[in-house]
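A.B. asks: A single structure is presented below for examination.
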Number of protein chains: 4
Amino acid sequence: MKVGLIGFGRTGKAVASTIIQNKEFTLEWVLRRKTVLENRSLPEFFGFDDENEKGRIYSTEHITPDELFDMHPVDFVIDFSSTLGIYTYGQEAAERQIKIISAISHYKKEDIHYLKELSKRTAVFWSPNITLGVNYLLLASKSLKKIAPFVDIEVVEEHFKQKEGVSGTAVKIAEALDVKASKISSIRAGGIVGKHEIIFGFPFQTVRLTHESISREAFGTGVLFAAHNLIDKKKGYYNYEDILTPYFNNSKN
Amino acid sequence: MKVGLIGFGRTGKAVASTIIQNKEFTLEWVLRRKTVLENRSLPEFFGFDDENEKGRIYSTEHITPDELFDMHPVDFVIDFSSTLGIYTYGQEAAERQIKIISAISHYKKEDIHYLKELSKRTAVFWSPNITLGVNYLLLASKSLKKIAPFVDIEVVEEHFKQKEGVSGTAVKIAEALDVKASKISSIRAGGIVGKHEIIFGFPFQTVRLTHESISREAFGTGVLFAAHNLIDKKKGYYNYEDILTPYFNNSKN
Amino acid sequence: MKVGLIGFGRTGKAVASTIIQNKEFTLEWVLRRKTVLENRSLPEFFGFDDENEKGRIYSTEHITPDELFDMHPVDFVIDFSSTLGIYTYGQEAAERQIKIISAISHYKKEDIHYLKELSKRTAVFWSPNITLGVNYLLLASKSLKKIAPFVDIEVVEEHFKQKEGVSGTAVKIAEALDVKASKISSIRAGGIVGKHEIIFGFPFQTVRLTHESISREAFGTGVLFAAHNLIDKKKGYYNYEDILTPYFNNSKN
Amino acid sequence: MKVGLIGFGRTGKAVASTIIQNKEFTLEWVLRRKTVLENRSLPEFFGFDDENEKGRIYSTEHITPDELFDMHPVDFVIDFSSTLGIYTYGQEAAERQIKIISAISHYKKEDIHYLKELSKRTAVFWSPNITLGVNYLLLASKSLKKIAPFVDIEVVEEHFKQKEGVSGTAVKIAEALDVKASKISSIRAGGIVGKHEIIFGFPFQTVRLTHESISREAFGTGVLFAAHNLIDKKKGYYNYEDILTPYFNNSKN
C-alpha cells in the first residue's frame, strides 16, 4: 500500500518516521509548503535504510498535489497540514479514488461538509485526535457508562506546565460521556508529555482507564491503524468509532 | 423482583446488605447452614428500615430450600454457599423456573455439567468472580488485544500481605488475554484490599486498565447487575461475557 | 504503657481496636459521653482475646476522668472526643503527669492556648490529622520543595462522592508547601476511601508522593507512633513534625 | 561558574543541552574521543542563542584535557565518558582545584579508590545514577523505613520492552532499604521511558513514592544540582546522600 503525506511539521515528521518503519505501507512522498528539506530522501532523512522505501520531500512551491498523484501514485493521502490542505488535493484524490485520512483538529462545519462530499467518491476518514489509545479509551468508556449509567465519572488530565486551557481530548471525553466540564481536573506540572485518566467511581470499587503519551509518533500508529482498516473500503465517511466498534463486538477476531 | 440468598458467610452478608438497599429487588430470605442468627429479621440485622423489605434468616437445620420456595416464592436464587449448595436446591429451583445466579469460585467439571443441565429448564448464570468491574476489565482488555494484537501486556495485582499465591482474577485475566503467567507481577503489602492493573505497552503510548476493590459489597453490585440482565431470559446458560457484550456493541443504549 | 481513650465514635472505636492489638500499650479504659455499651469489656467487644487486655467502657454519666485516673491509672490519655473534651480531663491529667495525645481536628485558638498551658506540666501532643502516612508525606514534600524550590507542585485528592468541600488534609498540604488553593484538584467518585497525591513536576522527570487510606484504623497507627515517641518526654508541646524530623536527619537509626 | 564536559554520547548531549540553558553555569567546552562535530559551536549546535555561552566541541585526537584546562579554565569538570575518562584528566583537574562530578555507572573498586585519592586535593562527587528524583526517592524511602521498620516494601519498575535485566536503580533502591530482590517487580512493555515506584504497605494505609523519567535531560538537572551544592566545598569525597541530607534536616531553608 502506497502512502503520501501532506504536512511536515513536528507531528508530520513523527508520523512520517512511523510510516517509513512499517512493513504494510510505503511512504512515497511528503508534500509541504516550505521549501526547506526539498528533494531530500526520506529514508536518508530518518536514517532508515530499506530498499523498498525511497520517497522524497516535495514543496508546493514547485509541484501540485495533482502532478504528484500522477508522478507517484498512492493509495492513501494522509493530511497533517492545516484546515486549508484538503482544498488543494481533495478533488484530485477523490477522482483517483485515493483514500483520504485527515488528522486536522479544527475543521469548521463547511470543511466537514466538503469532506462528506468527497466521501461520495472515495473513502474519507477524519479524526481530530488520531491516537489509537485515546480513541480506544473513548469507546471503552462509553461502554462502561452504558453498563453503569449512574456511576460517578471524573476525568483527570496532566500536561506540561506551558499547556494552556483544558486539553481538547479531555473535553472530547467529557462530551462523549455526557459529563460536566467541572468534572475535568487539569494538572500542569513540569514536562509531563500527556496523560488522561477516566475514573469510574462505584460505591464499592473503582475502575480507571488511563492513557499516557510517550511521544508524537503515537499519531503515526493511529494513522496506520486507520489506513489498515480502510483498505477494503471503497467510499464513505468514517471516524475512529466506526473502525474500532467491530473489535468490541466480536465480529473481528 | 424477589430474591432468595443461599449462604451467609462474610461475602454472603455483604451481598445481602447490597440487595436489601436496592429498589429493583427485594430480599425475601437468606438460607444458611448454621443456626446462628436464625429467624432474625434481615432489615433489622442490617439496620435498614424499609417497609418493602421483610426477609428473615433461615437455617437448613430446620427448613429445606423446597419448603422455602413454597412458603416464600422468589424469582431468583443467589448462591454464595459452596460447591455443594447447587445440589440442595438446583432441581427444585429449575422446576419452578426460578433463575439461578451462582458465584461459587471452584466448581468442578461435573458441577458445571449439572448447572448446564439445569439451564435447559431455567436461566442459569455462573461467574467465579462476580464483580462488575473485573468482568468489564476482562472484556475491555480482550477488545484492545484484538485491536492491537502485538501490544505488550503485563498484569500487576496488589493485595494484603497474607494473601497467598497469585490472585485467581489475575490468572483469569492472563488466560483471557493469552498472556504468559510470568507476565503477572504480584505485590503483597500491608492491608491493600485488592487492585488489578492491566498495562498495554505500545511503542509511543501506554494504556492502563485498573480495578480497585473497596469492599466485598462489590460482589452485591455484580449480582444485581447479573439479575437485572437476566430478567427477560427464560432459560439458558449465561456468564458475565454474555451479559456484558451487548453493552459493547451498541445494541443496548 | 497504659492508655486511656476519651471518645468512642466511629474513629474512636477504630483507634481502640488498634491499641488493643498492640503489644507495647494496653488499653485500660474508654470513656465516652453516651451510656450505650457502658461496662462492656473491651477485649470482648472487639472479639480479641489476650489476658493482658482487660479494659472496660465507662460513661461520663457515671464517672469523671478524675475518678477514672485514680481507679485505673494510665500513662497516656488519647482524645478522640470533641473540642470540649480537653477541659474535662486536661488539668487532672497534667497534675498526674499523664501525657496527652489529642487528635481533635477543629480546636480554636483558645483551645490550643490551653493545651500549651498544660504542656508546661506534662507532654502534650496535638495533630489534627494523626495518620502517620499523611504526616510523613507532609515532611517529605517540604524537603523536596527545599531541594527544588521552583518545581511545579499539584495536589490531587480523591474521596467518596458525598464528601463536601476540599479535603482538610489537602488544604494543609498546600499550605505547608506554599501552593495556591487552585492547585488542589478534588475528585469525588463512588466510595473512594481517601487518596492524596502530591505531584512534583520537573522539566524532565516527575515525582509523585501518594497516600491511600484503607480504613480508619490508620488513626490508631498514628496514635501509637506518637505515643511511642513521647515515652521519654517529660513535658512540652509536640506535633507530628517534631517527632518525625529526627527520623529524617539520621539522628535515629 | 564555568563548566567543562567530558563525553558527548546520547546522555552527554542531553546534559550539555541542560547546562547551556542554565543561568548559573556556562559550558566552556565539551571534550570527546570522536572527531565528529569537532570545533562546532555548542550554542549553535543546540540552537540556543545567548552571548554568554560560546563553548566549542573538542576531540582528544587533537587536544589533551591539560591543554584545555589552560586554554579555557573551568571550575567544574563533568564526566559522562567511561570508566577510563578519570585517568585522562583527574590528576590535572585536582592540581588546579577543579571540582570533579562523575556520573559513570560502573566504576570498579580501584577507580573509586582513585577518586578518593583525588578528593584529598579537590571536591569529588560521584553518583552512578545522577537523577535528582531517584536520589530523593532513595533518601525519603530510607527515612520512612526508619519511621516504620516493619512496613512491607515492594518496588515496581517499568521500562521499555527491550530493556534487559532488572533496572540497576531498582536494585540500588532495594539494597538501600534492605529489601529482598524478590520484592522487585519488573514490567517491560512498549516504549515506557522509565518508572520506579516504591510501595509501603501499612495495615490500614499505603504510601507510594514514584519517579517517572521523561527524558535524559534529567541527568543534566541532577548534575546542576550537584554542582550547585559543591560550590562552597574545597575538597572531599561526596555522593548524592551527602548533599541531599541537609535539605531533610532543616539545616537548609
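A.B. asks: Select from segment B:21-33 the residues that are in contact with a helix residue (DSSP H, G or I) (Cβ under 7 Å, 6 or more places away or on another chain) and assigned to a strand (DSSP E or B) and list them in ascending order. Let's see the steps before the verdict.
C.D. replies: Our first condition is that a residue be in contact with a helix residue (DSSP H, G or I) (Cβ under 7 Å, 6 or more places away or on another chain); within segment B:21-33, this holds for B:22, B:24-25, B:27, B:29-31.
Within segment B:21-33, B:LEU27, B:TRP29, B:VAL30, B:LEU31 meet the criteria.
A.B. asks: Same structure again: Please tell me if B:PHE69 is over 18 Å from B:VAL15 (Cβ atoms), of a type in the set (A, V, I, L, M, F, W, C) and crowded, with 17+ Cβ neighbours inside 10 Å.
C.D. replies: Numbers: over 18 Å from B:VAL15 (Cβ atoms): yes; of a type in the set (A, V, I, L, M, F, W, C): yes; crowded, with 17+ Cβ neighbours inside 10 Å: yes.
So B:PHE69 fits the description; yes.
A.B. asks: Just one of B:GLN97, B:GLN91 is of a type in the set (S, T, N, Q) and part of a loop (DSSP other than H, G, I, E, B); which is it? Talk me through it step by step, then tell me what you get.
C.D. replies: Numbers: B:GLN91 fails: part of a loop (DSSP other than H, G, I, E, B).
Checking each option against the conditions leaves just B:GLN97.
A.B. asks: Does A:GLY7 count as free of Cβ contacts under 8 Å to residues at least 40 places away in the same chain, assigned by TED's automatic domain parsing to the domain that holds A:LEU118 and on the phi > 0 side of the Ramachandran plot? Spell out how you get there, then give the answer.
C.D. replies: On the way: free of Cβ contacts under 8 Å to residues at least 40 places away in the same chain: no; assigned by TED's automatic domain parsing to the domain that holds A:LEU118: yes; on the phi > 0 side of the Ramachandran plot: yes.
The answer is no for A:GLY7.
A.B. asks: With at pLDDT 95 or above, small (Gly, Ala, Ser) and more than 26 Å from A:PRO246 (Cα to Cα) as the only criterion, which of B:ALA174, B:ALA140, B:ALA189, B:ALA226 stands out? Spell out how you get there, then give the answer.
C.D. replies: Working: B:ALA174 fails: more than 26 Å from A:PRO246 (Cα to Cα); B:ALA140 fails: more than 26 Å from A:PRO246 (Cα to Cα); B:ALA226 fails: more than 26 Å from A:PRO246 (Cα to Cα).
Selected residue: B:ALA189, the only one of B:ALA174, B:ALA140, B:ALA189, B:ALA226 that is at pLDDT 95 or above, small (Gly, Ala, Ser) and more than 26 Å from A:PRO246 (Cα to Cα).
A.B. asks: Within the set of pairs 6 or more residues apart or between chains, which connect a residue that is surrounded by fewer than 18 Cβ atoms within 10 Å (Cβ to Cβ) inside segment D:82-97 to a residue that is β-branched (Val, Ile, Thr) with Cβ atoms less than 7 Å apart?
C.D. replies: D:SER82/D:ILE104; D:THR83/D:ILE104; D:GLN97/D:THR122
A.B. asks: Here is a check on your reading of the model: is C:PRO246 within 10 Å of chain A (Cβ to nearest Cβ) and without any contact (Cβ under 8 Å) to a residue 60 or more places away in the chain?
C.D. replies: Values: within 10 Å of chain A (Cβ to nearest Cβ): no; without any contact (Cβ under 8 Å) to a residue 60 or more places away in the chain: yes.
So C:PRO246 does not fit the description; no.
A.B. asks: If we keep just the residues of segment C:209-218 that are of a type outside the set (Ser, Thr, Tyr) and either within 10 Å of chain A (Cβ to nearest Cβ) or touching a Gly at 6+ places or on another chain (Cβ under 8 Å) (or both), which is surrounded by the most Cβ atoms within 10 Å (Cβ to Cβ)?
C.D. replies: In the first step, residues of segment C:209-218 are kept if they are of a type outside the set (Ser, Thr, Tyr); the result is C:209, C:211-212, C:214, C:216-218.
So of that shortlist, the ones also either within 10 Å of chain A (Cβ to nearest Cβ) or touching a Gly at 6+ places or on another chain (Cβ under 8 Å) (or both) come out as C:211-212, C:214, C:218.
On the way: C:HIS211: 27, C:GLU212: 22, C:ILE214: 20, C:ALA218: 29.
Restricting to residues being of a type outside the set (Ser, Thr, Tyr) and either within 10 Å of chain A (Cβ to nearest Cβ) or touching a Gly at 6+ places or on another chain (Cβ under 8 Å) (or both), the top hit is C:ALA218.
A.B. asks: Of the conditions (1) out of contact with any strand residue (DSSP E or B) (no Cβ under 8 Å at 6 or more places or on another chain); (2) aromatic (Phe, Trp, Tyr); (3) closer than 25 Å to D:PHE204 by Cα, C:PHE160 clears all except one; give me its number.
C.D. replies: For C:PHE160, the exception is condition (1).
A.B. asks: Considering each of D:ASP75, D:ASP66 in turn, give the residue that is of a type in the set (Asp, Glu) and under 23 Å from D:HIS228 (Cβ atoms). Explain how you work it out, then say what you get.
C.D. replies: On the way: D:ASP66 fails: under 23 Å from D:HIS228 (Cβ atoms).
Of the residues listed, the single one that is of a type in the set (Asp, Glu) and under 23 Å from D:HIS228 (Cβ atoms) is D:ASP75.
A.B. asks: So which residues in segment C:219-238 are of a type in the set (Gly, Ala, Ser) and surrounded by 20 or more Cβ atoms within 10 Å (Cβ to Cβ), if there are any at all? Before the answer, list the steps.
C.D. replies: Filtering segment C:219-238 for residues of a type in the set (Gly, Ala, Ser) gives C:220, C:222, C:226-227, C:236.
C:GLY220, C:GLY222, C:ALA226, C:ALA227 - these are the residues of segment C:219-238 that are of a type in the set (Gly, Ala, Ser) and surrounded by 20 or more Cβ atoms within 10 Å (Cβ to Cβ).
A.B. asks: For the structure I just gave you, tell me whether C:LYS120 is of a type in the set (D, E, K, R) and either within 21 Å of C:LYS34 (Cα to Cα) or touching a residue at least 40 places away in the same chain (Cβ under 8 Å) (or both). Outline the logic, then answer.
C.D. replies: Working: of a type in the set (D, E, K, R): yes; either within 21 Å of C:LYS34 (Cα to Cα) or touching a residue at least 40 places away in the same chain (Cβ under 8 Å) (or both): yes.
So C:LYS120 fits the description; yes.
A.B. asks: So which of C:GLY194, C:GLY201 is within 11 Å of another protein chain (Cβ to nearest Cβ) and touching a Gly at 6+ places or on another chain (Cβ under 8 Å)?
C.D. replies: Working: C:GLY194 fails: touching a Gly at 6+ places or on another chain (Cβ under 8 Å).
Residue meeting the stated conditions: C:GLY201.
A.B. asks: Looking only at segment A:146-156, which residues are within 12 Å of chain C (Cβ to nearest Cβ) and part of a loop (DSSP other than H, G, I, E, B)?
C.D. replies: So the first thing to find is which residues in segment A:146-156 are within 12 Å of chain C (Cβ to nearest Cβ), and the list is A:148, A:150-156.
Hits for segment A:146-156 are A:ALA148, A:PHE150, A:VAL151.
A.B. asks: Another one. Answer yes or no as to whether C:HIS159 is touching a Gly at 6+ places or on another chain (Cβ under 7 Å) and away from chain A (no Cβ under 14 Å).
C.D. replies: Numbers: touching a Gly at 6+ places or on another chain (Cβ under 7 Å): yes; away from chain A (no Cβ under 14 Å): no.
No, not satisfied.
A.B. asks: Moving to a separate point now. Anything in segment B:162-173 that is within 14 Å of chain D (Cβ to nearest Cβ) and crowded, with 19+ Cβ neighbours inside 10 Å? List them, or say none. Talk me through it step by step, then tell me what you get.
C.D. replies: First, pick out the residues of segment B:162-173 that are within 14 Å of chain D (Cβ to nearest Cβ): B:162-163, B:166-167, B:170.
If the condition is that a residue be within 14 Å of chain D (Cβ to nearest Cβ) and crowded, with 19+ Cβ neighbours inside 10 Å, then B:SER167, B:ALA170 are the ones that fit.
A.B. asks: Let me ask another. Whether any residue in segment C:34-55 is touching a residue at least 24 places away in the same chain (Cβ under 8 Å) and in a strand (DSSP E or B) is what I want to check.
C.D. replies: No: zero hits.
A.B. asks: Regarding segment C:130-144, can at least one residue be identified that is within 14 Å of chain A (Cβ to nearest Cβ) and part of a helix (DSSP H, G or I)?
C.D. replies: Just the residues of segment C:130-144 that are within 14 Å of chain A (Cβ to nearest Cβ), to begin with: C:141, C:144.
Retained after the next criterion (residues that are part of a helix (DSSP H, G or I)): C:141, C:144.
Checked segment C:130-144: at least one residue is within 14 Å of chain A (Cβ to nearest Cβ) and part of a helix (DSSP H, G or I).
A.B. asks: Report the residue count in segment D:107-135 for those that are under 18 Å from C:GLY201 (Cα atoms) and touching a helix residue (DSSP H, G or I) at 6+ places or on another chain (Cβ under 6 Å). It would help to see each step written out before you state the result.
C.D. replies: Step one: list which residues in segment D:107-135 are under 18 Å from C:GLY201 (Cα atoms), which gives D:130-135.
This time we only want the ones that are touching a helix residue (DSSP H, G or I) at 6+ places or on another chain (Cβ under 6 Å), so: D:130-132, D:134-135.
Going through segment D:107-135 one residue at a time, the tally reaches 5.
A.B. asks: Sticking with this structure for a sec: Output the residues belonging to segment D:80-132 that are touching a Ser or Thr at 6+ places or on another chain (Cβ under 8 Å) and among the aromatic types (Phe, Trp, Tyr).
C.D. replies: Once the filter is applied, which keeps residues that are touching a Ser or Thr at 6+ places or on another chain (Cβ under 8 Å) and among the aromatic types (Phe, Trp, Tyr), segment D:80-132 yields D:PHE80, D:TYR107, D:PHE125, D:TRP126.
A.B. asks: Further, regarding this structure: Search segment D:154-183 for residues that are of a type in the set (Lys, Arg) and pair each with any residue that is modelled with pLDDT under 95 and part of a loop (DSSP other than H, G, I, E, B) when their beta-carbon atoms are under 8 Å apart and the residues are at least 6 apart or on different chains.
C.D. replies: Partner pairs satisfying both residue conditions: D:LYS172/D:PRO128; D:LYS172/D:ASN129.
A.B. asks: Scan the strands (runs of 3 or more DSSP E) fully inside segment C:163-253 and keep the ones with 2 or more residues being more than 20 Å from the chain's Cα centre (by Cα) and over 27 Å from C:ILE78 (Cβ atoms). Full working, then the answer.
C.D. replies: Numbers: elements: C:184-188, C:195-201, C:205-213, C:236-238.
Correct list: C:184-188, C:195-201, C:205-213.
The values are calculated or read from the model by the stated rules, or taken from the named source; none is laboratory data. Predicted, not measured: the structure shown is a model, and the values here were computed from it. Cβ atoms come from the backbone with ideal geometry, glycine included; neighbour counts cover every protein chain shown.
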